[in-house]
Amino acid sequence: MISRVKLDPELVDQLKRVLDAVEQLLPKPIPRLDWNEVHAANWHRRAASGYFDPVPEIESMQLDDLLGIDEQKRVVEQNTRQFLAGYPANNVLLWGTRGTGKSSLVRALLHAYAGQGLRVIQVDKDDLVHLPEMVAMIKREPYRFILFSDDVSFETGESSYKMLKSALDGSVYAPPDNVLIYVTSNRRHLLPEYESDNRGAMLVNNEIHHGEAVEEKISLSGRFGLWVGFHPFTQDQFLEVARQWVERLAGARGLQQPWDDEARLAAIRWCRQKGDNSGRIALQFANQWVGSMLLTQASPLNNN
């Protein structure tokens, strides 16, 4: 015979309030992403598991908007098309000068090929240790995923460094056929390099096998099938890209002959003031120059 214990109603109310309070503190369940609707996501980690946070709006960057890097575009786009077609393709390291379009190129590829099944998941460098967990969540999806890590650099021995090295090499852990890794970095080898690296074994902290130490530094970047370099523009290249941007932005607004000697000299002053002549700086100049022209044209004082 089972006896029933009668609980104090006040105690029951207190327990309900405690449970309600605890429920508010618990993380909300994360719904499974519908990759048919979601084209890009960020990886986030919480407590014991991680999740994909959908990116609601993707920057409308077109491949044709990336000026002055035609060869880099051709190489990376061809590799991506091979990947989408189910053919052999490579993981990609996009390295070089800041502001030259490395990360913009990945976003432009997504904009161009999302309709063909391309999806992009952005992963912070420190979260690369969770690559196996991410891949387990997408490996059976009928889409092609680029795991994209932007502006990456490591110190030797970091856990993320070791995981990425293993994933690229495939010796212990290798992503499935529907996943590639694209990484951008200002460093060609993803690791800091020092003058002492080029000295000799006896000058580097008594390092006996100096060549092996150097090999370790380049071993990660060497595991990327494609290295794509983005180099500083010359002044002439900068001016050509600035001209194209000015004419494109002005043409969209109906402005005539926006590029002349005055614009050219202003562009030179702009890049010297910035201390940079990259494509990003050229676009910033074009925004300022064309915007200023439009404002002057629209000003009531200009019509008097």
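What to note about this one:
- Condition met for GLN82 (within 30 Å of LEU239 (Cβ to Cβ) and either touching a helix residue (DSSP H, G or I) at 6+ places or on another chain (Cβ under 8 Å) or modelled with pLDDT of 95 or more (or both)): no
- Test: residue in segment 222-244 that is assigned to a helix (DSSP H, G or I) and closer than 30 Å to SER160 by Cα: yes
- Checking each residue in segment 230-254 for being within 26 Å of the chain's Cα centre (by Cα) and of a type in the set (A, V, I, L, M) picks out VAL241, ALA242, LEU249.
- Filter result for the condition that a residue is modelled with pLDDT of 70 or more, out of contact with any Leu (no Cβ under 8 Å at 6 or more places or on another chain) and over 30 Å from VAL241 (Cα atoms), over ASP65, ASP13, ASP70, ASP20: ASP13
- Counting only residues that are in contact with a helix residue (DSSP H, G or I) (Cβ under 9 Å, 6 or more places away or on another chain) and at pLDDT 95 or above, segment 139-156 holds 5 of them.
- Residues that are free of Cβ contacts under 8 Å to residues at least 12 places away in the same chain and outside any loop (DSSP other than H, G, I, E, B) were ranked within segment 54-98; the one that is surrounded by the most Cβ atoms within 10 Å (Cβ to Cβ) is GLN82.
Yes or no, residue by residue, for (1) small (Gly, Ala, Ser); (2) touching a strand residue (DSSP E or B) at 6+ places or on another chain (Cβ under 9 Å); (3) closer than 29 Å to ASP276 by Cβ:
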site: ASN79; (1), (2), (3): no, yes, yes
site: THR100; (1), (2), (3): no, yes, yes
site: ALA108; (1), (2), (3): yes, no, yes
site: PRO132; (1), (2), (3): no, no, no
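- Note on segment 255-279: among residues that are outside any helix (DSSP H, G or I) and within 27 Å of the chain's Cα centre (by Cα), the one that is nearest to GLY96 (Cα to Cα) is SER278.
- Residues of segment 104-118 that are of a type in the set (S, T, N, Q) and crowded, with 17+ Cβ neighbours inside 10 Å: SER104 alone.
- Flag for ASN277 being at pLDDT below 90 and either buried (at least 17 other Cβ atoms within 10 Å of the Cβ) or among the small types (Gly, Ala, Ser) (or both): yes
- Flag if LEU147 is assigned to a strand (DSSP E or B) and in contact with a Phe, Trp or Tyr (Cβ under 6 Å, 6 or more places away or on another chain): no
- Whichever residue in segment 142-153 is more than 16 Å from the chain's Cα centre (by Cα) and under 21 Å from ASN90 (Cβ atoms) and, among such residues, is surrounded by the fewest Cβ atoms within 10 Å (Cβ to Cβ): TYR143
- Unique residue being at pLDDT below 90, surrounded by fewer than 16 Cβ atoms within 10 Å (Cβ to Cβ), polar (S, T, N, Q) and not assigned by TED's automatic domain parsing to the domain that holds GLU240 when the list is SER171, SER166, SER160: SER171
- When the residues of segment 87-138 are filtered to those that are of a type in the set (Phe, Trp, Tyr) and modelled with pLDDT of 95 or more, the one that is nearest to the chain's Cα centre (by Cα) is TYR113.
The values are calculated or read from the model by the stated rules, or taken from the named source; none is laboratory data. Remember, predicted model here, so these are calculated numbers, not experimental data. With ideal geometry, Cβ positions are generated from the backbone for all residues, glycine too; neighbour counts draw on all protein chains shown.
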